[in-house]
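Reviewing the structure listed below.
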Amino acid sequence: MDRKRNFTGSVWTLLFVAVVACSNNSHKEDGAGGGAVAETRVEAPAFNADSAYLYVSEQTAFGPRVPNTEAHGACGDYIAGRLQAFGAVVYNQYADLVAYDNTLLKARNIIGAFNPESKKRVLLCAHWDSRPYADQDKDKTRHRNPILGANDGASGVGVLLEVARLLQEQAPAVGIDIAFFDAEDYGSPYFYTGPYKADTWCLGSQYWGRVPHVEGYTARFGILLDMVGGKGGTFYQERFSKQTAGSEVKKIWGAARRLGYGGWFRQSEGSEITDDHVYVYRLRHIPCVDIINYCLDCESGFGDFWHTTDDNMDIIDKATLTAVGQTVLDVIYNEK
């Protein structure tokens, strides 16, 4: 089963509608009020959407980042170089991973550790590869073409590279690990007619879960970013995340609402999705929250551009990048 089509039923009808503030962006809403006593919070650095957008653009400039291609190798070097320039201790995990059709993938997980001496750690992650097939494209002649993956891949990396830049300038109270998983999107396409093989998606996180970059690695919790830059992006509370990381889901969605980003972070449950966070939890026992775009009105559930040749820079929205990036910053800088 396609890992991003694992639906268990329709999303509940929204009973709560965010109050939308009058602004140039219809997603922006006022923070929670009601006269509650304000808790003392650390003010996180300001997320720079222009910087994050540039990191997304620079990734897509390499072309589709499909394992075993020149573009993939070059972009991997770029990501590792950015992390190193931002002061991280960088780990490169090279692994030969077997795809659904027995293709041997030369994969590379890239991990940047900030304040590696700290025992108190939070994991941030995203996948950096792009899908080798545009198998959801309306034009069937393109189904075997690779996608650029501006949103599905590059957006999560772009947000986390901007987070990494800010971590260098202002350190939070806990250690942060930023993991970029490879071979997430090499799962079996609909046109594959060979024998069934389980767990063909998220190969990089499966490898890392069994062989972490640091022996015995653990973290308080993780946050996975997947498809977090698209225009009109909405993030419902993914079911597996709620089941296994319920308190962290409340923390993240609460931070988003307080910051005025409730129009993006919806206070309703979404679908259960097989994504990298599942293997982070199952193999490393780290509760991990999947912040992933979910579209109520789209047939796929993930936007009309999902796994198509339309997943390019034209759909990337700086406002969506900001909503996700600033929320993540608020959470990690207020972790004690």
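Every read-out reported here was derived from the displayed coordinates using simple, explicitly stated rules and does not represent laboratory data. Note that this is a predicted model, so its numbers are computed, not measured. Positions of Cβ are backbone-derived with ideal geometry, glycine not excepted, and every protein chain shown enters the neighbour counts.
Give the range of the longest stretch in the chain that excludes all chymotrypsin sites (Phe, Trp or Tyr not before Pro) found in loop regions by DSSP and having at most 16 other beta-carbon atoms within 10 Å.
On the way: sites that count: Phe7, Trp12, Phe16, Tyr190, Phe191, Tyr192, Tyr196.
Longest gap between qualifying sites, sites excluded: 17-189.
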Show which lysines lie in cross-link reach of Lys250 when reach means a straight Cα distance below 16 angstrom and same-chain residues fewer than eight apart are skipped. Lys242
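Rounded to the nearest 20 Debye, what is the dipole magnitude of the chain about its Cα centre when Lys and Arg each give +1 and Asp and Glu each give -1 at the C-beta?
Details: 33 positive and 42 negative charges, 154 e Å.
Result for the chain is approximately 740 debye, rounded to the nearest 20.
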Pick from Val214, Val249, Val159: which is most flexible by mean-square fluctuation in a GNM of the chain where alpha carbon atoms under 10 Å apart are linked? Val214
Length gain on complete extension for the stretch Asn68 to Glu335, per 0.36 nm per residue less the alpha carbon to alpha carbon distance? 92.3 nm
If I model a spin label at Arg210 and Met313 as a point 7 Å from the Cα along the Cα→Cβ vector, what separation in nanometres do I get? 3.9 nm
I want to check the label-to-label distance for Asp77 and Asp50. Put each point 7 Å from Cα in the C-beta direction and report it in nm to one decimal. 2.9 nm
Determine, from the Cβ-Cβ distance of His285 and Ala173 and an R0 of 30 Å, the FRET efficiency 1/(1 + (r/R0)^6), rounded to the nearest 0.05. 0.80
Suppose R0 equals 22 Å; then what is the FRET efficiency for Thr218 and Glu117 from their Cβ-Cβ distance, rounded to the nearest 0.05? 0.90
Under 14 Å by backbone N from the virtual spin label 7 Å along Cα-to-Cβ at Leu296, the residues of the range 248-285 are 263-271
Hey, quick one: spin label on Ser247, modelled 7 Å out along Cα-Cβ, who in the range 167-191 has an amide N within reach, i.e. under 20 Å? 173-177
Calculating log10 I(q)/I(0) by the Debye sum over Cα atoms at q = 0.07, 0.09, 0.14 Å⁻¹ from this structure picks out, from (1) -0.37, -0.56, -1.11; (2) -0.25, -0.42, -1.09; (3) -0.43, -0.65, -1.13, entry (2)
Per GNM of the chain with C-alpha springs under 10 angstrom, the most fluctuating residue out of Cys298, Cys125, Cys75 is Cys298
What translational diffusion coefficient, in µm²/s and rounded to a whole number, does the Stokes-Einstein relation yield for the range 182-324 at 10 °C and a viscosity of 1.306 mPa s, taking the hydrodynamic radius as the Kirkwood radius over Cα pairs? 98 µm²/s
